[in-house]
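Notes for the one structure printed next.
Nothing in this text is a laboratory measurement; each read-out follows from the coordinates by a stated rule. Here the structure is a predicted model, which means the values were calculated and not measured. Note that each Cβ is placed from the backbone with ideal geometry, even for glycine, and that neighbours are counted across all protein chains shown.
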Amino acid sequence: MQPQDALVLQDLEHDYDRVRAVAGVSLSVKAGEVVCLVGPSGCGKSTVLRLAAGLETLQSGRVSMRGEAVGDPAARVRVPPERRHIGLVFQDFALFPHLTVGGNVAFGLTQRPPVERDQRVREVLRQVEMDGYIDAYPHALSGGQQQRVALARALAPEPSVLLLDEPFSGLDERLREQVRDDTLRLLRRNGTAALLVTHDPEEALFMADRIYLMRAGKIVQSGPPQELYYRPADLFVASFFSRVNELRGVVRDGHVESPLGRLGAPGQPEGARVVVSFRPEAVTLSHARGDDADGLIVEVQDTHFLGTGWVVHVPVRDAEGREVKLSVRLNGRPPKAGDRVVLKVPPDAILMFPET
Ligand SMILES: Nc1ncnc2c1ncn2[C@@H]1O[C@H](COP(=O)(O)OP(=O)(O)OP(=O)(O)O)[C@@H](O)[C@H]1O
Ligand SMILES: [Mg+2]
């Protein structure tokens, strides 16, 4: 553990009655770093965050902040949440309805002398551009404004680490993008370390310096966003971040037969069943002229307009004769249904995984 680690979780385990919610999670958040904990619904993300905050009693493992244990059942250490120097932001914002905006933000600053406290309240409200609402009550604010006040309240005491659980999912899509962007800027400007829980892959890619992807109580891969996207550890990781095309095959003489040709299968055992996968945006289509030797000639089945581009479906037969509908993502105008086209996938965009 390094002193520059704002938060370190080691081997956390947590059972609810008969449900194993967290099964050995370790992660760290460095000073000034924004880390996203992402994964499908029910995989244990909120439980990890609650254990880090001390809102849930730690059963096994250790939680440390800035080099010191704040939760360690084996050593009988249990620092209560209010003494962990954390800021908390939840999906429902949970502003106190009977306090004004100013009162909400001042809530965690009772230790400070009144003049200093008022200054700090005004300062953070200015940072979230809510200083004009200092005397308003939460019910009179929009969802986005309430979220910004909740963020100001969490940041006001200058916590060592901010813990956020799905803080944007109550906002409509357009507002969500804006508030995400503002939040990120604010975290950067204050140099605040943050652990953000989300089930939204795009949000994690957008926000994170590093991502931890969780599945069924365990971390399956961690790293910078581009690493998880371009070098996923398995098919689950690959398909979590976007749709992927999947072709099945068997390794023979170190190769796999596929509609894309005979592909090298380094590291895959002989006779293994594998999935050859690639993302829809990695595929190119060009009009077939009859002399295209290097590429698969296919017929376009249908096209769908998405505003930002097009999705084109092309059926192919895999090595075992089964029909597989491939998805192709194009930015420009696509070919028409029934057109014969040449389909290509660059070799470095092809990922191969053992079939599970
Ligand atoms: N208080 C509780 N009592 C019993 N089981 C619980 C409790 N809280 C969570 N669980 C169970 O523990 C598992 C993990 O829940 P958790 O809330 O941590 O998941 P999550 O990843 O945050 O999911 P979501 O994305 O839906 O918020 C789930 O199976 C859930 O049903
Ligand atoms: Mg949750």
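Where residues in the stretch 189-206 are more than 16 Å from ligand 1 (Cβ to nearest atom) and within 25 Å of Q221 (Cα to Cα), which of them is farthest from the chain's Cα centre (by Cα)? Here the residue is T192. Which of (1) of a type outside the set (S, T, N, Q); (2) within 16 Å of ligand 2 (Cβ to nearest atom); (3) in a helix (DSSP H, G or I) does G42 not meet, given it meets every other one? Looking at each condition in turn, G42 falls short on (3). Residue by residue through the stretch 112-157, note down the ones that are free of Cβ contacts under 8 Å to residues at least 12 places away in the same chain and either in a helix (DSSP H, G or I) or acidic (D, E) (or both). P114, V115, E116, R117, Q119, E123, R126, D131, G132, A140 - these are the residues of the stretch 112-157 that are free of Cβ contacts under 8 Å to residues at least 12 places away in the same chain and either in a helix (DSSP H, G or I) or acidic (D, E) (or both).
Here F353 meets each of (1) in contact with a helix residue (DSSP H, G or I) (Cβ under 9 Å, 6 or more places away or on another chain); (2) over 30 Å from C36 (Cβ atoms) with one exception, condition (2).
The residues in the stretch 240-279 that are under 24 Å from D200 (Cα atoms), buried (at least 18 other Cβ atoms within 10 Å of the Cβ) and not charged (D, E, K, R) can be counted, and the count is 6. Of everything in the stretch 22-38 that is buried (at least 22 other Cβ atoms within 10 Å of the Cβ) and more than 24 Å from R185 (Cβ to Cβ), the residue that is nearest to ligand 1 (Cβ to nearest atom) is V22.
Just to verify a result, which residue in the stretch 221-245, among those that are in a strand (DSSP E or B) and touching a residue at least 24 places away in the same chain (Cβ under 8 Å), is farthest from the chain's Cα centre (by Cα)?
N245
Being in contact with a Pro (Cβ under 6 Å, 6 or more places away or on another chain), assigned to a loop (DSSP other than H, G, I, E, B) and within 16 Å of ligand 1 (Cβ to nearest atom) is a property that L95 lacks. On the stretch given as the stretch 39-63, residues that are more than 9 Å from ligand 1 (Cβ to nearest atom) and crowded, with 19+ Cβ neighbours inside 10 Å total 8.
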